[in-house]
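The next block holds one structure in the form of structure tokens; read it before the comments.
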Amino acid sequence: MQDVFQQLVWVALGSVLGGPARYFVSGFVGRRVGETFPWGTVAVNVSGAFAAGMIAAAAIGGVFPTSVAWQFAVTGFLGSYTTVSSFSLQTLALARDGQIMRAGGNVVLSLALCLSAVALGYISGSAALGVGAP
């Protein structure tokens, strides 16, 4: 039971940092680029996907030898930082407002960029750590 409690503490600590980071990055991008398209959410999800790829490479390379770092960084921080719920709600709002092209663009752009970012993050992390590529 102690082990589960410790895991929850690491996840919670990561989450405490990930939520405010998402709020800051999303707001910063939205204020700079505009709010007519959910660029802030796209930026958060793409940067989070890139970080997840790098961390996955680091885990394979032995940099994350315990589950504690993964629980803190990926489950906690990135789980709180990236958000499929905001993406889903914003896409639905665009569609309901009759902006079908923007809604579809958000889906296609987010999927393409996030998959590319996680792959690039993994490749970058693998190269930096000298571990095998996917």
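The values are calculated or read from the model by the stated rules, or taken from the named source; none is laboratory data. Since the structure is predicted, the reported quantities are computational estimates derived from the model, not experimental observations. Because the Cβ atoms are built from the backbone with ideal geometry, glycine has one as well, and the counts that use them run over all protein chains shown.
Return yes or no: is ILE100 of a type outside the set (Ser, Thr, Tyr) and modelled with pLDDT of 90 or more? It would help to see each step written out before you state the result.
Details: of a type outside the set (Ser, Thr, Tyr): yes; modelled with pLDDT of 90 or more: yes.
Yes; evaluated as a whole, the condition is true for this residue.
Any chance you could count how many residues in the stretch 63-72 are in contact (Cβ under 8 Å) with a residue 24 or more places away in the chain and farther than 17 Å from PHE5 by Cα?
1
Tell me which residues, restricted to the stretch 106-130, are loosely packed, with under 13 Cβ neighbours inside 10 Å and closer than 19 Å to ALA58 by Cβ. Working first, answer last.
Initial filter on the stretch 106-130 (loosely packed, with under 13 Cβ neighbours inside 10 Å): 108, 111-112, 127, 130.
If the condition is that a residue be loosely packed, with under 13 Cβ neighbours inside 10 Å and closer than 19 Å to ALA58 by Cβ, then ALA127, GLY130 are the ones that fit.
Which one of GLY14, GLY48, GLY30 is closer than 27 Å to ASP97 by Cβ and surrounded by 21 or more Cβ atoms within 10 Å (Cβ to Cβ)?
GLY48
Kindly check whether there is at least one residue in the stretch 97-104 that is out of contact with any Leu (no Cβ under 7 Å at 6 or more places or on another chain), in contact (Cβ under 8 Å) with a residue 24 or more places away in the chain and surrounded by 14 or more Cβ atoms within 10 Å (Cβ to Cβ).
Among the residues of the stretch 97-104, not one is out of contact with any Leu (no Cβ under 7 Å at 6 or more places or on another chain), in contact (Cβ under 8 Å) with a residue 24 or more places away in the chain and surrounded by 14 or more Cβ atoms within 10 Å (Cβ to Cβ), which makes the answer no.
Return only the number of the condition from (1) more than 18 Å from ALA21 (Cβ to Cβ); (2) modelled with pLDDT of 90 or more that LEU129 does not satisfy.
Single failed check for LEU129: (2).
Are there any pairs, at least 6 apart or on different chains, whose C-beta atoms fall under 9 Å, with the first in the stretch 30-59 and under 19 Å from PRO20 (Cβ atoms) and of a type in the set (A, V, I, L, M) and the second at pLDDT below 90 and in a loop (DSSP other than H, G, I, E, B), and if so, which?
Hits for this filter: VAL44/THR83.
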